[in-house]
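Below: the structure, in structure tokens.
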Amino acid sequence: MNTFNGNAKFMLYPRRRKKNVQVSLKLTSMIDMFTILLVFLLKSFSAEGQIVTVSQDLRLPESTAQKSPEPASTIAITEEWVLLDGEQVAPVNEVMSLNKLMIPGLADGLNNLKTVSETVGQMSGEMGFTGQISIQGDKEIPYQLLKKVMFTCGQIGYNDILLTVTKIE
Amino acid sequence: MNLKNAMNRTRSQDDVDVNIIPVMNIFLLLIPFLLLTAAFVKIAVLEISLPSLGRGAAAQEEIKQKNLILVILSIKEKGFQVKSPGFKFDPLNKIGTQYNYNELKNQLKQIKTRHGHAEDIIISPESKVKYDIIIKTMDQCRDAGFPNVSLAG
């Protein structure tokens, strides 16, 4: 079949004259697009880079705050877990059913962090224990949970709390 | 025939094309690089300081010196309630499911007009209030001129 078709075509258009065509890509529109993209990307380019990385299942609340994040240890509160620097320290169910404000798992983790940073601080004067900690909370968590986390931080000695939010213009 | 073509070309085509290939090369390199480094979600932080043992005493002295205006804003599941000595505000109930942020701002501005130096506000949410709402309320406080927000509960 195929060969027949091919032959038929060949019969219909016999011996096409080979033209000496100069092929040139039409790049104008592509360059236009690239220029626009480039301008947009340069506008959103920041030399600082991202200090904070936010995990996927965390929806941060929006705020008009302008202060940019500082490097600090991070407590993330999702709807299921409380995480300290990416490690699960306490499940939310358990925390919510606690009668007291102190969260034992989190307190242990924070205490370790504090000892580490204090030891480092003794060795070099610049990097000591600053008492700074950032909290990335999910939009939907109740205040009770936040209060417990903040109380635990305060008890250990982390008094400068940075609440991480997404910026809206 | 080739000769004819060539002769034609030299005669009619006086305009010269710009060589855009180097530009394209730059673009092709720059765009992936910028796309990789682009931050599409901008992140900011809200700072809250808890009173520590050392600083607490100092802060209390400061309160005495500045003769601070106490403003307490409670967030309940029904709505807001602003309390401050010398003022009497009606509770601001939710409109439908939305908190009444505009009226809250008005009330805070009333305090601000009478006490220009007031900068501190204590927010006291109920335990079931969502984090999102607390942050939004803090934004409103900041807009109304109370940058020093503390949380109580």
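The values are calculated or read from the model by the stated rules, or taken from the named source; none is laboratory data. Please read all numbers here as calculations on a predicted model, not as lab measurements. FYI the Cβ positions are ideal-geometry reconstructions off the backbone, even for glycines, and counts take in every protein chain you see.
Points to keep in mind about this one:
- Just one residue in the set A:117, A:124 is over 20 Å from residue B:133 (Cα atoms), free of Cβ contacts under 8 Å to residues at least 24 places away in the same chain and surrounded by 14 or more Cβ atoms within 10 Å (Cβ to Cβ); that residue is A:117.
- Evaluation of residue B:112 against the conditions (1) at pLDDT below 85; (2) crowded, with 20+ Cβ neighbours inside 10 Å shows that the sole unmet condition is (2).
Conditions tested, residue by residue: (1) modelled with pLDDT of 85 or more; (2) closer than 23 Å to residue A:130 by Cβ; (3) of a type outside the set (A, V, I, L, M); (4) out of contact with any strand residue (DSSP E or B) (no Cβ under 6 Å at 6 or more places or on another chain).
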residue	(1), (2), (3), (4)
A:50	no, yes, yes, yes
A:62	yes, no, yes, no
A:65	no, yes, no, no
A:69	no, yes, yes, no
A:90	yes, no, no, no
A:93	yes, no, yes, yes
A:100	no, no, yes, yes
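- Number of positions in the stretch B:120-141 that are free of Cβ contacts under 8 Å to residues at least 12 places away in the same chain and surrounded by fewer than 23 Cβ atoms within 10 Å (Cβ to Cβ): 3
- Strands (runs of 3 or more DSSP E) contained in the stretch A:70-169 and holding at least 1 residues within 14 Å of another protein chain (Cβ to nearest Cβ): A:73-77, A:81-84, A:132-137, A:160-167
- Residues satisfying the stated conditions in the stretch A:83-104, i.e. under 17 Å from the mean Cα position of the chain (by Cα) and crowded, with 17+ Cβ neighbours inside 10 Å: A:83, A:84
- Matching residues in the stretch A:154-169 - criterion: being more than 20 Å from residue A:65 (Cα to Cα) and either among the polar types (S, T, N, Q) or buried (at least 24 other Cβ atoms within 10 Å of the Cβ) (or both): A:155, A:158
- Every pair of residues 6+ apart whose Cβ atoms lie under 6 Å, when the first sits in the stretch B:19-30 and is within 11 Å of chain A (Cβ to nearest Cβ) while the second is in a helix (DSSP H, G or I) and not acidic (Asp, Glu): B:27/A:34
- Counted residues, the stretch B:29-44 - those being part of a loop (DSSP other than H, G, I, E, B) and surrounded by 10 or more Cβ atoms within 10 Å (Cβ to Cβ): 4
- Residue check for residue A:28: modelled with pLDDT of 85 or more, within 11 Å of another protein chain (Cβ to nearest Cβ) and surrounded by fewer than 13 Cβ atoms within 10 Å (Cβ to Cβ): no
- Check on residue A:145, in contact (Cβ under 8 Å) with a residue 12 or more places away in the chain, farther than 27 Å from residue B:75 by Cα and not hydroxyl-bearing (Ser, Thr, Tyr): no
- All positions within the stretch B:84-116 that are touching a residue at least 12 places away in the same chain (Cβ under 8 Å) and among the basic types (Lys, Arg): B:94, B:105, B:109, B:112, B:114
- Residue check, residue A:40 at pLDDT below 75, within 13 Å of chain B (Cβ to nearest Cβ) and surrounded by 12 or more Cβ atoms within 10 Å (Cβ to Cβ): no
- Number of positions in the stretch A:103-138 that are under 28 Å from residue A:167 (Cβ atoms) and of a type in the set (Val, Ile, Thr): 3
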